Amino acid sequence: MSSEDREAQEDELLALASIYDADEFRKAESVQGGETRIYLDLPKNFKIFVSGNSNESLQNSGFEYTICFLPPLVLNFELPPDYPSSSPPSFTLSGKWLSPTQPWLYGQYSIVIYAAIDGEHSLSALCKHLDNLWEEHRGRVVLFAWMQFLKEETLTYLNIVSPFELKMGSQKKVQRRPMAQAPPGTEPGLEGAAAADVDQEETVDERAVQDVESLSTLIQEILDFNQAQQTKCFNSKLFLCSICFCEKLGSECMYFLECKHVYCKACLKDYFEIQIKDGQVKCLNCPEPQCSSVATPGQVKELVEADLFARYDRLLLQSTLDLMADVVYCPRPCCQLPVMQEPGGTMAICSSCNFAFCTLCRLTYHGLSPCKEKLIDLRNEYLQADEATKRFLEQRYGKRVIQKALEEMESKDWLEKNSKSCPCCGTPIQKLDGCNKMTCTGCMQYFCWICMGSLSRANPYRHFTDSESPCFNSPLGMGPGNLTQGKRFCLMGLTLKLFHAVDVNGDIWEDEIEED
């Protein structure tokens, strides 16, 4: 190696390392060479697609995807001892989304320059043009010219426009055929096309490599790369949070996917936590007024603590199941798990506690016996009947069913007269004394005994001190430290269970008393 060649190579590699960052240029350690990654600038709203008649059976066939970034072209090169005085660099050019046999398009007409299974060799054509650039720069360094061409002229040279069809290449031999006749009124030449003289028979350029296994993996790799690059660009920019009005880097911010409104993570974290603690998991929408964009579960998980996300996940699942007509909940207070209802039937069996119940009245499955809605009529009919009619009813429905109807209706009448239902979960509550701030032992919701409205967990007594509240200065609406008692009644057969919820300075105890 001459001293001039050696010095030219060192200067060129040093210049490239100073121009490009470590992600775009990396010098090899063992040999005189390196690797460059060429990131192309795509037009706005650039689309890719896979045709429905692709050889592979693809789930994504026929769909278009709008992207901002494509995986880079990778140029690996090695400098021979007599470069640049005599020999060009040896290289390989690889790309995931360019096949060695990509068709050329001229306007709206497809022109086959080299006949092959899929058309023109796009990666091979780029390799051929790099050879031509070397001939123009023979005796001078050429790597920067190669990189500039690949970055700035690849799309134009290969006439790649949106929407761009993804294809897998073929490594078969090709035969040269005459160029197709151009349409009337068009120029016979093809700008940028590698239509120079070629041998009568040639193979796909061995330096052109499409390093991807299949179309399905190619699509996923492109979408993943596009998302990663968009995140990288977002993290490096400054954004003004519309909540705290502070400018912060994108790495400290988060945006809603639908509307793209950006807020800092600290503000969104506080906002999400308040909503989840209040049970408003369906209201984690964009804080921008009149905006209906909703945060994804992944975004919520990234910001809130694990226990709070578990509550969010549980409430979100429950609210979703509530909208499904074929899902009912196990009526046992200790279970309450969702159960799939069999179509056309009224019996459901809980997979957790194996409790079989009627999906209409939520009581123990009673077969052909009437549901609870008919128990009132049955009770009234039984109480007003004479002895003969009573015996007839007992034989028809069973004495146990009628006895249960009497007990159920008596319990229901007692609850309607002596209790109110929790506004959140519907649990019957009896108030004995204390202030009007109540705590349900079923769902732990705070509520007002006067108006039965739900109270904030952060400051439940504000309801009684706010002059605009309907319960402002209510006689028993006193502040923290006062005694609040509630009782929940549930009838299970002949057993009456009373649950006491006592709230003293924010602490809660529960007891259970059974009366036979």
* Which one of Y263, Y271 is over 29 Å from M444 (Cβ atoms) and in contact with a Pro (Cβ under 7 Å, 6 or more places away or on another chain)? -> Y263
* Restricting to the stretch 287-315, what's the tally of residues that are open to solvent by less than 80 Å² (accessible area, probe 1.4 Å) and not in a helix (DSSP H, G or I)? -> 8
* Asked: Can you find even one residue in the stretch 290-297 that is over 17 Å from the mean Cα position of the chain (by Cα) and not aromatic (F, W, Y)?
  -> yes
* Asked: Name the residues in the stretch 425-452 that are within 25 Å of N473 (Cβ to Cβ), open to solvent by 20 Å² or more (accessible area, probe 1.4 Å) and part of a loop (DSSP other than H, G, I, E, B), would you?
  -> K431, L432, D433, Q445, W449, I450, C451, M452
* Asked: Do you know which residues across the stretch 250-263 are of a type outside the set (A, V, I, L, M) and either open to solvent by 50 Å² or more (accessible area, probe 1.4 Å) or closer than 17 Å to S293 by Cβ (or both)?
  -> S251, E252, C253, Y255, F256, E258, C259, K260, H261, Y263
* **Subset of the stretch 89-113 (residues that are modelled with pLDDT under 50 and open to solvent by 20 Å² or more (accessible area, probe 1.4 Å))** => P103, L105, Y106, G107, Q108, Y109, S110, V112
* Hey, any hits in the stretch 264-283 for a residue that's at pLDDT 90 or above, surrounded by 15 or more Cβ atoms within 10 Å (Cβ to Cβ) and in a strand (DSSP E or B)? -> yes
* **Residues (farther than 28 Å from F272 by Cα and among the charged types (D, E, K, R)) located in the stretch 419-472** => K420, K431, D433
* Where I38 falls short, out of the listed (1) surrounded by 19 or more Cβ atoms within 10 Å (Cβ to Cβ); (2) β-branched (V, I, T); (3) at pLDDT below 90 -> (3)
* **Subset of the stretch 225-263 [of a type in the set (S, T, Y) and assigned to a loop (DSSP other than H, G, I, E, B)]** => S242
* To do: Mind listing whichever residues of the stretch 470-480 are more than 9 Å from C435 (Cα to Cα), open to solvent by less than 40 Å² (accessible area, probe 1.4 Å) and at pLDDT below 85?
  => S474
* Asked: For the stretch 322-332, which residues satisfy the criterion of being among the charged types (D, E, K, R) and not in a loop (DSSP other than H, G, I, E, B)?
  -> D322
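The values are calculated or read from the model by the stated rules, or taken from the named source; none is laboratory data. From a predicted model like this one, the values you see are computed outputs, not experimental measurements. When we count neighbours, we look across all protein chains shown, and the Cβ atoms used for this are built from the backbone with ideal geometry, even at glycine. All accessible areas refer to the heavy atoms of the entire protein, side chains included, with ligands and DNA or RNA removed. Shrake-Rupley method; radii C 1.70, N 1.55, O 1.52, S 1.80 Å.
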